[in-house]
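Visitor: Below is a structure I'd like to ask you about.
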Amino acid sequence: MLSVPAAGVILLLAWIYPSDALYFHIGETEKKCFIEEIPDETMVIGKYRTQLWDKQTSSFLPSTPGLGMHVEIKDPDTKIILSRQYGSDGRFTFTSHTPGEHQICLHSNSTKMALFAGGKLYREERFRMTSESTNQRVLWWSIAQTIILIVTGIWQMKHLKSFFEAKKLV
């Protein structure tokens, strides 16, 4: 557990030390590039998450296997520092060795088939879960009906037995 002075120092350092964040949408075959002024010997950390937008349900689909992000970073001399393919969620880091404007480019490795397959798999999984849930409910409903029928039958037999005993037919 941090003491109050230590927490205050950490908060002060977080306030003094600048950091930036970007939130953006990128199309299927679109490439986004950012130019950032970075001093020399500075470690840059980037985190990203790829998600598919389903127009039918107006919601994000879970990440598709094989869907990922290609990250390419160039220094001020247009020399490639980093060019790598990452998965659907990831983090990339690099250290600048020359000060100046660095170009950071991201683009997805998706195709229409990958997007279609991902959406299809998601819908199939959702349908399977719905089917299993319905099957489970039908099973419990049939068990409840069977128990009600057995209890009703036992009650009717006892009631009829007491009726016939009262009429002295048995």
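Visitor: Looking at Ala144, is it at pLDDT 90 or above and either farther than 30 Å from Gly90 by Cβ or of a type in the set (Gly, Ala, Ser) (or both)?
Guide: yes
Visitor: Output the residues belonging to segment 34-73 that are open to solvent by 60 Å² or more (accessible area, probe 1.4 Å) and at pLDDT 85 or above.
Guide: Within segment 34-73, Ile35, Glu36, Glu37, Pro39, Asp40, Glu41, Met43, Ile45, Lys47 meet the criteria.
Visitor: With the checklist (1) modelled with pLDDT of 90 or more; (2) more than 20 Å from Ile26 (Cβ to Cβ); (3) surrounded by fewer than 17 Cβ atoms within 10 Å (Cβ to Cβ) in hand, flag the one item Ile81 doesn't pass.
Guide: (3)
The values are calculated or read from the model by the stated rules, or taken from the named source; none is laboratory data. Everything numeric here is computed off the predicted structure, so don't read it as measured data. Using ideal geometry, Cβ is built from the backbone for each residue, glycine included, and neighbour counts are taken over all protein chains shown. Ligands, DNA and RNA are stripped out before the accessible areas are found, and what is left, the full protein with its side chains, is counted by its heavy atoms. Shrake-Rupley method; radii C 1.70, N 1.55, O 1.52, S 1.80 Å.
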